[in-house]
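Worksheet: one structure, shown below.
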Amino acid sequence: MRANRAARRPATCSEQARPTHLNTFGQLLRVTTFGESHGPAIGCVVDGCPPGIAIAPEDFAHDLARRATGKTRHTSARHEADAVEILSGVYEGRTTGTPVALLIRNTDQRSKDYANIAAQFRPGHADYTYWQKYGIRDPRGGGRSSARETTMRVAAAVIAKKWLADRYGVRVQGWMSQIGEVVPNGFDAAAIETNPFFWPHAAQVDELEAYMDALRKSGDSVGARVTVVADGVPPGWGEPVYGKLDGELAAAMMSINAVKGVEIGDGFAAVAQKGTQHRDEIARDGFLSNHAGGILGGISSGQQVLVSVAFKPTSSLRLPGQTVDVEGNEVEVVTTGRHDPCVGIRATPICEAMLALVLMDQALRHRAQCGDVGEMSPRIPAATGKKR
């Protein structure tokens with residue numbers, strides 16, 4: 001009876017404004033993803049994409065390969081072709097302004113790996129919470145909660161990165177800034193794309209290889225930190241209260257599988273700083289520091305936008321663990337199959353994707369409301385690195 005009464009109750013204003021099933025991201029640039037880890041395909045629809053962007057199936061290959069498994073012994077052995085099919089929204093190599101639909105066929109599922117644990121709730125996974133929410137779940141590879149879903153975020157962001165670079169000169173780049181207790185001993189941007197860890201210090205790669213080999217042999221896993229930045233973001237993007245740029249970046253990064261923390265700029269390190277250090281003083285020739293991560297009052301300052309993301313250790317382990325099954329019985333669970341000993345290894349392109357998608361959505365929103373404002377004077381350059 002309660003269910004019937006609830007069905008007849010008129011929706012409130014907040015319910016009418018907020019969709020029930022949140023598989024869509026963004027406001028003017030809206031990205032809807034669909035599909036499961038072991039289903040026939042995954043895909044996305046990019047709505048609100050401006051017309052005239054040059055895009056072809058081969059444009060997706062680079063970033064999808066950076067995210068893919070099976071390219072190194074330090075990630076899952078699952079090997080997907082990740083060939084993008086453009087179903088709509090592109091004519092003669094350019095976007096038309098209508099919804100862009102992208103599809104990727106799943107070609108390397110091994111659903112039998114999950115047969116023995118289909119009735120068990122894996123610790124640290126979404127098995128139990130999906131069961132409680134929906135009353136049914138797809139146990140094959142985590143279904144919708146699998147990191148396989150992030151493939152389509154990366155694909156959608158190929159369009160966003162291209163538009164941001166062509167129209168505003170914005171460049172997005174990420175790297176792994178910590179794995180377990182290991183941090184970079186130096187920083188060389190040229191080294192990031194030369195190793196499977198997206199590590200910015202080439203001399204440490206052998207150390208990381210040995211570290212991951214030992215971890216994989218032990219059967220355990222470890223967490224990681226990924227840092228992603230955007231250069232060239234003009235001042236003015238973001239909203240002052242509920243659509244803050246940093247707030248939407250935090251929400252976007254937290255929507256990525258296994259993320260447990262997000263920092264903007266100095267983040268939690270600001271707790272120990274004095275105001276005289278953190279306040280990013282300004283001179284005529286530029287900001288003197290960038291502790292705020294390029295965002296002030298929820299609006300971009302023209303400085304480098306800097307976000308750091310913390311990933312938890314992988315929960316799928318071959319080491320026995322305690323759980324219960326769908327009948328409530330205590331059981332021992334062992335997760336077999338193909339899993340990453342550190343999910344953060346593949347996370348750099350995903351974090352880049354979410355940063356690019358947020359920035360493109362905010363750029364379109366800024367243009368819609370404030371496109372007539374133009375460039376205001378003075379225009380303060382990004383941090384000079386000099387502190388007076």
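No value in this document is a laboratory result; all are computed from the given coordinates. Please read all numbers here as calculations on a predicted model, not as lab measurements. Here Cβ is always computed from backbone atoms with ideal geometry, including for glycine, and neighbour counts include all displayed protein chains.
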- Please state the relative contact order of the range 20-370 as a whole percent: Cα pairs under 8 Å, 6+ residues apart? 22
- Message: Kirkwood Rh and Cα-based Rg: tell me the resulting Rg over Rh for the chain, rounded to two decimals.
- Response: 0.98
- Item | Convex hull of Cα atoms in the range 248-288, direction-averaged projection (nm²) | 4.1
- Expected sort for D63, D47 with the fewest Cβ neighbours (10 Å cutoff) up front is D47, D63
- Scanning the chain for GluC sites (Glu not before Pro) in DSSP loops with at most 13 other Cβ atoms within 10 Å, what's the longest stretch left with none? 182-280
- Over the chain, the sum of -39500 (n - 2.57) across DSSP H runs of at least four, divided by residue number and rounded to 500 deg cm²/dmol, gives at 222 nm -7500 deg cm²/dmol
- Message: Distance cut-off 28 Å, Cα to Cα: go down the list K161/K260; K274/K312; K133/K217; K161/K244 and report the pairs above it.
- Response: K274/K312; K133/K217
- Quick calc, the range 20-370, dipole around Cα centre from Cβ unit charges on Lys, Arg (+) and Asp, Glu (-), nearest 20 debye, gives 400
- V84, V373, V222 arranged by Cβ crowding within 10 Å, fewest neighbours leading: V373, V222, V84
- Taking the Cα atoms only, what angle lies between the long axis of helix 245-254 and the longest principal axis of the chain, rounded to 10 degrees? 20
- Message: Through the Karplus equation 6.51 cos²θ - 1.76 cosθ + 1.60, θ set to phi - 60°, convert the phi angles of the range 202-208 into ³J(HN,Hα) values in whole Hz; use x for Gly and Pro.
- Response: 4, 5, 9, 4, 4, 4, 5
- Query: If you rank S377, S88 by fewest surrounding Cβ atoms within 10 Å, what's the result?
  - Reply: S377, S88
- Message: Compute the angle between helix 150-168 and the longest alpha-carbon principal axis of the chain, please, reported from 0 to 90 degrees and rounded to the nearest 10.
- Response: 10
- Message: One quarter of the convex hull surface, Cα atoms only: what value does that give for the range 108-263 in nm²?
- Response: 12.7
- Query: Once the Cα atoms of helix 348-370 and of the chain are each reduced to a long axis, what angle between those two axes, in degrees from 0 to 90 to the nearest 10, is obtained?
  - Reply: 50
- Query: Taking the chain as a Gaussian network, Cα atoms linked when under 10 Å apart, which of R167, R122, R137 shows the biggest mean-square fluctuation?
  - Reply: R167
- Message: With a 10 Å cut-off between alpha carbons and a GNM built on the chain, which of T314, T150, T276 moves the most?
- Response: T276
